[in-house]
Amino acid sequence: MAKSSVRYVCQSCGADHGKWTGRCDACGAWNSIVEEATTESAPKGLSPGKGRRLEFFELAGAPLDSPRRASGIAEFDRVSGGGLVPGSTLLVGGDPGIGKSTLLLQVAARLAQSGCRAAYVSGEEAVDQVRLRAARLGLARAPVELAAATSIRDIVTSLDRPDGPELVVIDSIQTMFVDNLESAPGTVAQVRASAQELIRLARRRGACVLLVGHVTKEGLIAGPRVLEHMVDTVLYFEGERGHQFRILRAVKNRYGPTDEIGVFEMTDGGLMEVANPSALFLGEHAEDRETGAVSGACVFAGIEGTRPMLVEIQALIAPSAFAAPRRAVVGWDGGRLAMILAVLEARCGLALAGRDVYLNVAGGLRISEPAADLAVAAALLSSLTDRPLPPGTVVFGEIGLSGEVRAVSRTDARLKEAAKLGFSRALVPRRRAPGRGKAAAGETAGLEVEPIARLDELVARFESAEPARPALRDAGARR
């Protein structure tokens with residue numbers, strides 16, 4: 001006979017505990033353990049002959065040709081790998097108010113207007129509230145089915161029909177609950193069970209299910225990581241409230257590339273896709289770059305997924321009034337900035353230990369690739385000497401601990417993007433520097449490529465002219 005028992009589950013990692021404690025022993029999170037009532041039965045072995053024999057197939061067989069469902073929003077289709085795969089489940093996470101519900105409502109409306117049966121189930125808003133948002137976005141006439149529900153049993157029963165929708169949006173998964181579990185909505189057990197039922201529905205009906213997930217204060221999707229393991233695609237919505245740009249980044253995709261990004265701009269009419277992010281991120285400082293009047297700024301040619309993108313890196317070095325200088329970084333890895341500062345001091349003899357250092361990636365974009373090392377070093381040297389880089393210069397390259405500049409991938413694509421936007425000079429690693437062949441002609445014609453082998457060579461470029469501030473190196477500092 002089944003008996004009811006109580007267990008204590010960590011809402012961060014899903015670990016079970018015999019009693020309540022303030023700190024989870026598995027992940028170390030504080031105040032994350034919640035009491036949950038479960039129904040357990042005595043463990044029993046599997047009886048032979050009770051299961052259904054599986055049907056195995058040859059690996060070399062031809063897969064089913066299931067065309068993707070393109071939404072018509074190019075940036076969303078790029079991140080999802082070319083469109084939505086029938087029978088797949090996609091999870092979208094992001095900060096509150098960043099535009100998750102707006103984007104998925106636009107995707108559902110576009111697909112519905114193209115002939116796809118779409119349904120939008122909201123667990124946080126009433127139907128009239130969703131209609132108001134659709135009217136504000138100009139999507140009031142889109143043939144999307146709306147419902148306000150939180151019971152997974154009711155949702156699955158309503159959608160599991162022969163003429164059921166081909167696209168289902170669940171907003172959000174933390175508000176859904178399964179009635180045979182006694183725990184509250186949003187707990188680990190409810191999130192896991194609700195997602196599992198919706199994934200089964202997607203597989204059984206061949207529908208695309210889009211889930212909205214809340215995020216914690218650390219920026220991760222609320223609940224255990226098992227939710228991200230269960231779904232097929234995980235997208236994160238990034239962006240600063242002070243900027244109108246929004247970045248949709250793929251961190252997991254079983255049917256397409258990962259680390260792909262889509263760029264959107266938040267407007268009064270909703271999220272608008274940005275076809276040329278490089279021009280948008282650099283447009284605000286175009287006049288300053290042409291005149292060369294800004295020191296501490298450097299344009300970096302990066303790669304986000306499969307797309308080359310140019311972005312401006314800004315640095316500011318100032319004397320520190322405290323014993324421990326401050327290091328503030330926005331949009332980049334603070335540990336990598338500390339490494340570059342250490343290389344500049346140890347290998348190039350610069351005196352930076354007693355100065356405050358501030359680094360910012362313009363436009364609210366976050367950069368993670370090490371190819372930005374050389375651009376960061378150029379911005380730091382420009383701020384330190386108060387001398388701007390020559391107009392129309394783009395920089396990229398990885399810096400090693402011994403001060404060497406290492407080669408990076410897809411050099412030609414970075415240079416083509418820079419030449420397309422009118423840049424005339426590029427500082428690149430010496431190895432694989434495209435000084436001849438196809439890189440010196442065609443789409444990169446007119447772009448002067450200057451290879452750099454060591455970081456000392458970059459420092460020497462700023463020392464060659466008369467500095468606007470005192471000399472870079474202290475007296476007695478050695479190279």
Item to check | Flag if Ala108 is under 18 Å from Gly206 (Cα atoms) and under 25 Å from the mean Cα position of the chain (by Cα) | outcome: yes
Checklist entry - Which numbered condition trips up Ala353, out of (1) of a type in the set (Gly, Ala, Ser); (2) part of a loop (DSSP other than H, G, I, E, B); (3) free of Cβ contacts under 8 Å to residues at least 24 places away in the same chain? => result (3)
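Residues are listed down the side, and each one gets a yes or a no for (1) part of a strand (DSSP E or B); (2) touching a residue at least 60 places away in the same chain (Cβ under 8 Å); (3) in contact with a helix residue (DSSP H, G or I) (Cβ under 9 Å, 6 or more places away or on another chain); (4) not charged (D, E, K, R):
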{"site": "Ala147", "(1), (2), (3), (4)": "yes, no, yes, yes"}
{"site": "Asp154", "(1), (2), (3), (4)": "no, no, no, no"}
{"site": "Gly164", "(1), (2), (3), (4)": "no, no, yes, yes"}
{"site": "Val169", "(1), (2), (3), (4)": "yes, yes, yes, yes"}
{"site": "Val191", "(1), (2), (3), (4)": "no, no, yes, yes"}
Checklist outcome for this item: Residue hits (segment 356-378; part of a loop (DSSP other than H, G, I, E, B) and either surrounded by 19 or more Cβ atoms within 10 Å (Cβ to Cβ) or among the hydrophobic types (A, V, I, L, M, F, W, C) (or both)) are Leu365, Ile367
Checklist entry - Is segment 180-189 home to any residue that is of a type in the set (A, V, I, L, M) and modelled with pLDDT of 90 or more? => result no
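Residue-by-condition table, conditions (1) part of a helix (DSSP H, G or I); (2) over 21 Å from Leu280 (Cα atoms); (3) modelled with pLDDT under 90:
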residue: Leu380; (1), (2), (3): yes, yes, no
residue: Leu384; (1), (2), (3): yes, yes, no
residue: Leu401; (1), (2), (3): no, yes, no
residue: Ala419; (1), (2), (3): yes, no, no
Next on the checklist: Quick check on this structure: which one of Gly446, Gly435 is touching a Pro at 6+ places or on another chain (Cβ under 9 Å), of a type in the set (Gly, Ala, Ser), closer than 28 Å to Glu304 by Cβ and modelled with pLDDT under 85?
Outcome noted: Gly435
Checklist entry - Can you spot a residue in segment 236-249 that is assigned to a strand (DSSP E or B), in contact (Cβ under 8 Å) with a residue 40 or more places away in the chain, under 14 Å from Gly82 (Cα atoms) and not basic (Lys, Arg)? => result no
Next on the checklist: What are the pairs with Cβ atoms under 6 angstrom where one residue, in segment 260-274, is within 19 Å of Ser368 (Cβ to Cβ) and the other, located anywhere, is assigned to a strand (DSSP E or B) and hydrophobic (A, V, I, L, M, F, W, C)? Sequence gap at least six, or different chains.
Outcome noted: Glu260/Ala250; Ile261/Ile247; Gly262/Leu248
Checklist entry - Which one of these does Ala315 not meet: (1) at pLDDT 90 or above; (2) buried (at least 21 other Cβ atoms within 10 Å of the Cβ); (3) not assigned by TED's automatic domain parsing to the domain that holds Ala375? => result (3)
Checklist entry - Taking Asp412 and the conditions (1) at pLDDT below 95; (2) surrounded by 23 or more Cβ atoms within 10 Å (Cβ to Cβ); (3) in a helix (DSSP H, G or I), which numbered condition does it fall short on, given that it satisfies the others? => result (2)
Next on the checklist: Among the residues of segment 71-96, what is the count of those that are outside any strand (DSSP E or B) and in contact (Cβ under 8 Å) with a residue 24 or more places away in the chain?
Outcome noted: 17
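The values are calculated or read from the model by the stated rules, or taken from the named source; none is laboratory data. Nothing here was measured: the structure is a model prediction, and the numbers come from that model. Using ideal geometry, Cβ is built from the backbone for each residue, glycine included, and neighbour counts are taken over all protein chains shown.
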